[in-house]
1. Testing G318 on (1) touching a helix residue (DSSP H, G or I) at 6+ places or on another chain (Cβ under 7 Å); (2) over 29 Å from A131 (Cα atoms), one condition comes back false. Which one is that?
2. Inside region 79-102, can you point out the residues that are over 29 Å from S119 (Cα atoms) and either open to solvent by 10 Å² or more (accessible area, probe 1.4 Å) or near the ligand (Cβ under 9 Å from one of its atoms) (or both)?
3. For E166, indicate whether it is touching a strand residue (DSSP E or B) at 6+ places or on another chain (Cβ under 6 Å) and away from the ligand (no atom under 14 Å from the Cβ).
4. Please work out which residue is nearest to the ligand (Cβ to nearest atom), limiting yourself to region 169-198 and to residues that are outside any loop (DSSP other than H, G, I, E, B) and of a type outside the set (F, W, Y).
5. Does any residue in region 34-49 that is under 27 Å from D210 (Cβ atoms) come within less than 8 Å, Cβ to Cβ, of a residue that is loosely packed, with under 13 Cβ neighbours inside 10 Å and aliphatic (A, V, I, L, M) six or more places away or on a different chain, and which pairs are these?
6. Please verify whether H232 is surrounded by fewer than 22 Cβ atoms within 10 Å (Cβ to Cβ), touching a residue at least 12 places away in the same chain (Cβ under 8 Å), assigned by TED's automatic domain parsing to the domain that holds D69 and more than 16 Å from the ligand (Cβ to nearest atom), treating the condition exactly as stated.
7. Could you say whether any residue in region 3-13 is in the same structural domain as D173 (by TED's automatic domain parsing) and either over 30 Å from C354 (Cα atoms) or open to solvent by 50 Å² or more (accessible area, probe 1.4 Å) (or both)?
8. If the Cβ limit is 7 Å and pairs must be 6+ apart or interchain, which residue in region 198-215 that is under 23 Å from A258 (Cβ atoms) and at pLDDT 95 or above pairs with which residue that is assigned to a helix (DSSP H, G or I) and aromatic (F, W, Y)?
Amino acid sequence: MASTAAPTAVPLMDPKRVYEQWGPAAEQAVVRILREHSYVKGPEIDALEKESAASFGVARAVAVDSGTDALYLPLRALLDDRPADRREVIVPTFTFFATAGAVVNAGGVPVFADVLPDSMNLDPAEVARKASDRTAAVVPVHLFGAPADLAGVRSALGGRKVFVLEDAAQAIDATVAGRKVGALADAAAFSFYPSKNLGAAGDGGLFTTDDLALADLVASLREHGSKKTYFHERVGKNSRMDEIQAAVLRRKWPHLAAWTAARRAVAAGYDAAFADVPEVATPTTLPGATHVYHLYTLRVRRRDELVAHLKATGIGCGVYYPLPLHRQPCFARFSPAPCPVADRLATEVVSLPCFPGLSADEQRRVVAAVRGFYGR
Ligand SMILES: Cc1ncc(COP(=O)(O)O)c(C=O)c1O
């Protein structure tokens, strides 16, 4: 008898599918940590910091409790010593909230810059327009896993001494001219939020830099501003990563290259499948760069109708991001200027399932649903 059951839904993401590759080794490590009660400041953190610095090709990596604090702590280190009228930080308006939230929490003034219509990353021409003597830093975001144009940002700054902090939360192992993001500017922040390409078993983040003095300062700010226990030079906070998260990340890291390759293969399949659909624009990558497809994000016509159609067909999808940061009510007091490209993108973007373990059959169903919607 023919089955009448509807095909199972295709999820937007499903990290459980690769669990067996790393889970058993992590379980052993976590049980050891529990039995030894060695929860903080232990060997897993030390090893993670050394191994990750080597992986990115930087002098130091500092493990912290979230990607948000990996942004916040270096901004604090920078802005604490700057006069109040020189604390502007240029951020792209089309990004996750934390990029600008960290600026405000660190005592800075976010200056929202528009993005490029195809890469969706920070527009260097906007940096040139918005940089001034008040600018302390720029935080380019490698959005969705695609490297931002850091060379363009640097040249837009001309000779100005401005700190450039990569927000690499979504782009671990993406490269530009063979060099990994995280080593392309003055410093960088990564997130290990569970849905990221490399996710912890909870929250986690990493700060990277070649500047040893800055790394020391960030490491002390993560410990209430102290280098020696109970002696405090600054008011920091508790932003430590714990041993269990470091242990999990170290057991997952050896698989990251294969997971990234799997994401790229899915992305290549979508690129080919949508090449002849004029209503759909596929993701772009900077020349000489590689994309890691944290999200595979299309720009499409009739986005909301497509989203409704995908949902009705059981295809997971997401809108990142529906409201650019310059329009968020909490930032209204910074009098943001118009950012029309981001406004338009917010009505056009939709992200499709793209993760290691997505089956060929599932991808065919996603493709058929999108093409079918546009009458192909
Ligand atoms: C671009 C971007 N920046 C910063 C963050 C903050 O990272 P976390 O969630 O680990 O605090 C994220 C995470 O979602 C992100 O996507």
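1. (1)
2. Of everything in region 79-102, those that are over 29 Å from S119 (Cα atoms) and either open to solvent by 10 Å² or more (accessible area, probe 1.4 Å) or near the ligand (Cβ under 9 Å from one of its atoms) (or both) turn out to be D80, D81, R82, P83, A84, D85, R86.
3. Working: touching a strand residue (DSSP E or B) at 6+ places or on another chain (Cβ under 6 Å): yes; away from the ligand (no atom under 14 Å from the Cβ): no.
Taking the combined requirement at face value, the residue does not satisfy it.
4. Applying the filter and picking the extreme gives S191.
5. Here the result reads none, with nothing in region 34-49 linked to a residue that is loosely packed, with under 13 Cβ neighbours inside 10 Å and aliphatic (A, V, I, L, M).
6. No.
7. Within region 3-13, not a single residue is in the same structural domain as D173 (by TED's automatic domain parsing) and either over 30 Å from C354 (Cα atoms) or open to solvent by 50 Å² or more (accessible area, probe 1.4 Å) (or both).
8. Taking only residues 6 or more apart or on different chains, the pairs are L198/W253; T208/F56.
The values are calculated or read from the model by the stated rules, or taken from the named source; none is laboratory data. Model, not experiment: these values are computed from the prediction. Neighbour counts are summed over all protein chains in view; Cβ atoms, including those assigned to glycine, are modelled from backbone coordinates with ideal geometry. With ligands, DNA and RNA removed, areas are computed over all heavy atoms of the protein, side chains included. Shrake-Rupley method; radii C 1.70, N 1.55, O 1.52, S 1.80 Å.
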